[in-house]
1. Tally time: how many residues in the range 350-360 are part of a strand (DSSP E or B), in contact with a helix residue (DSSP H, G or I) (Cβ under 9 Å, 6 or more places away or on another chain) and crowded, with 24+ Cβ neighbours inside 10 Å?
2. Scan the range 85-102 for residues that are part of a strand (DSSP E or B) and either free of Cβ contacts under 8 Å to residues at least 12 places away in the same chain or farther than 26 Å from residue 204 by Cβ (or both) and jot them down.
3. Just to be sure I understand, how many residues within the range 36-57 are loosely packed, with under 13 Cβ neighbours inside 10 Å and modelled with pLDDT of 85 or more?
4. How about the range 312-336: which of its residues are surrounded by 15 or more Cβ atoms within 10 Å (Cβ to Cβ), modelled with pLDDT of 95 or more and in a loop (DSSP other than H, G, I, E, B)?
5. Could you tell me whether the range 107-116 includes any residue that is modelled with pLDDT of 90 or more, in contact with a strand residue (DSSP E or B) (Cβ under 7 Å, 6 or more places away or on another chain) and surrounded by 15 or more Cβ atoms within 10 Å (Cβ to Cβ)?
6. List, please: which pairs have Cβ atoms under 6 Å, are six or more places apart or on different chains, and start with a residue in the range 415-429 that is on the phi > 0 side of the Ramachandran plot and in contact (Cβ under 8 Å) with a residue 60 or more places away in the chain and end with one that is in a strand (DSSP E or B) and surrounded by fewer than 22 Cβ atoms within 10 Å (Cβ to Cβ)?
7. Check the range 175-194 and report whether any residue there is surrounded by fewer than 19 Cβ atoms within 10 Å (Cβ to Cβ), at pLDDT 90 or above, under 24 Å from the mean Cα position of the chain (by Cα) and over 25 Å from residue 97 (Cα atoms).
8. With the checklist (1) over 17 Å from the mean Cα position of the chain (by Cα); (2) more than 20 Å from residue 51 (Cβ to Cβ); (3) part of a strand (DSSP E or B) in hand, flag the one item residue 364 doesn't pass.
């Protein structure tokens with residue numbers, strides 16, 4: 001029997017082709033399954049963590065903010081960098097970028113190691129605006145703000161401007177010099193009552209949103225609502241003078257007057273569980289929930305127009321936009337999901353074996369960075385704190401445990417900042433933690 005070399009070559013080629021396709025198919029199946037597995041079952045690598053000095057000895061009520069550590073204990077705010085201590089504080093707030101602290105203080109109080117303009121004053125309530133090292137940016141009277149107002153809340157901008165909530169739903173705006181000519185009634189109301197409205201804004205104060213998490217309707221159902229600050233149908237600025245504009249009440253008016261709060265969302269059966277504004281102020285995000293339905297994420301532009309709405313059967317805890325606002329990440333205690341902001345399409349998701357407390361997506365690295373642990377709202381502590389970095393492009397996971405608890409405040413949110421390729425810094429907790437991937 002004669003053998004035909006050409007035939008053998010064809011057969012060998014066919015075998016190699018089949019083997020190649022089989023390998024490709026197997027790798028595709030493996031990669032597809034990878035992100036569906038709990039985090040500890042995927043390709044795991046170590047994550048390099050380091051606690052930045054001097055935050056290693058911080059107590060749970062001392063927080064590592066933008067440029068320094070600040071403690072908030074029993075009406076006293078202390079700036080560790082300078083030893084400045086502000087006493088008899090009725091309310092305080094931290095700016096979105098964690099760089100400015102605003103305090104409402106009883107008049108007649110003497111502060112320790114405070115700079116000019118922060119000494120004792122006559123009666124009444126005044127505002128102190130400071131950076132996170134304790135330098136005074138502004139100090140001024142809050143006018144007719146009633147003493148003992150339990151609804152009093154402060155929402156500073158990173159540029160030193162300030163919004164003050166008083167009398168439940170009155171919002172007064174102050175510019176960086178403490179001048180105020182803007183006082184509005186805001187928040188969505190219901191016949192059966194509503195929770196007090198809160199403020200979400202970008203660091204520059206370009207976009208400001210009020211949201212009321214729960215509104216009781218006539219039928220007894222729970223709804224919610226949100227508004228944006230508009231000036232004759234246009235969005236306000238953030239208290240910084242620009243060419244061609246005039247300054248009033250801390251907002252750049254651009255020769256436009258009559259500011260007002262304009263409704264951008266209202267529902268009679270969905271409550272708001274989370275709200276956020278993108279870093280550039282171009283987009284707003286609302287996470288809503290209704291009994292018996294999937295959770296929903298609403299993406300709106302800065303004028304209140306709905307860009308996209310996505311639903312998920314996950315019980316969401318929060319959502320935020322990437323720095324460029326090109327992507328949105330929504331997370332539940334067990335999963336993080338990345339969506340396209342403009343289309344609302346689901347890009348990727350990843351599961352977590354530990355309860356997920358906070359997550360952000362960094363498209364430059366194609367990486368979800370997550371903070372995990374068991375959070376006690378009463379104690380303000382995240383027990384068994386751990387960190388995950390999930391490379392969605394390579395399907396790799398790095399993780400590490402802190403071996404300790406971290407303190408967090410319900411008055412501002414933690415945030416990761418990208419410091420380099422695969423390198424991130426956690427701010428807003430009782431310790432400043434550097435996270436480095438090893439992909």
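1. First, pick out the residues of the range 350-360 that are part of a strand (DSSP E or B): 350-351, 356-360.
Next, from what is left, pick out any that are in contact with a helix residue (DSSP H, G or I) (Cβ under 9 Å, 6 or more places away or on another chain): 350-351.
So of that shortlist, the ones also crowded, with 24+ Cβ neighbours inside 10 Å come out as 350.
The number of residues fulfilling the criteria is 1.
2. Filtering the range 85-102 for residues part of a strand (DSSP E or B) gives 85-86, 89-94, 100-102.
85, 90, listed by residue number.
3. Total meeting the criteria: 1.
4. Hits for the range 312-336 are 314, 316, 317, 332, 333, 334.
5. Of all residues in the range 107-116, those modelled with pLDDT of 90 or more come to none.
Scanning the range 107-116 turns up no residue that is modelled with pLDDT of 90 or more, in contact with a strand residue (DSSP E or B) (Cβ under 7 Å, 6 or more places away or on another chain) and surrounded by 15 or more Cβ atoms within 10 Å (Cβ to Cβ).
6. Cβ pairs passing all conditions: 428/415.
7. Checked the range 175-194: no residue is surrounded by fewer than 19 Cβ atoms within 10 Å (Cβ to Cβ), at pLDDT 90 or above, under 24 Å from the mean Cα position of the chain (by Cα) and over 25 Å from residue 97 (Cα atoms).
8. Checking residue 364 against (1) over 17 Å from the mean Cα position of the chain (by Cα); (2) more than 20 Å from residue 51 (Cβ to Cβ); (3) part of a strand (DSSP E or B), the one that fails is (3).
The values are calculated or read from the model by the stated rules, or taken from the named source; none is laboratory data. Just so it is clear, the model here is predicted, and its values are computed rather than measured. Glycine gets a Cβ as well: all are built from the backbone with ideal geometry, and neighbour counts include every protein chain shown.
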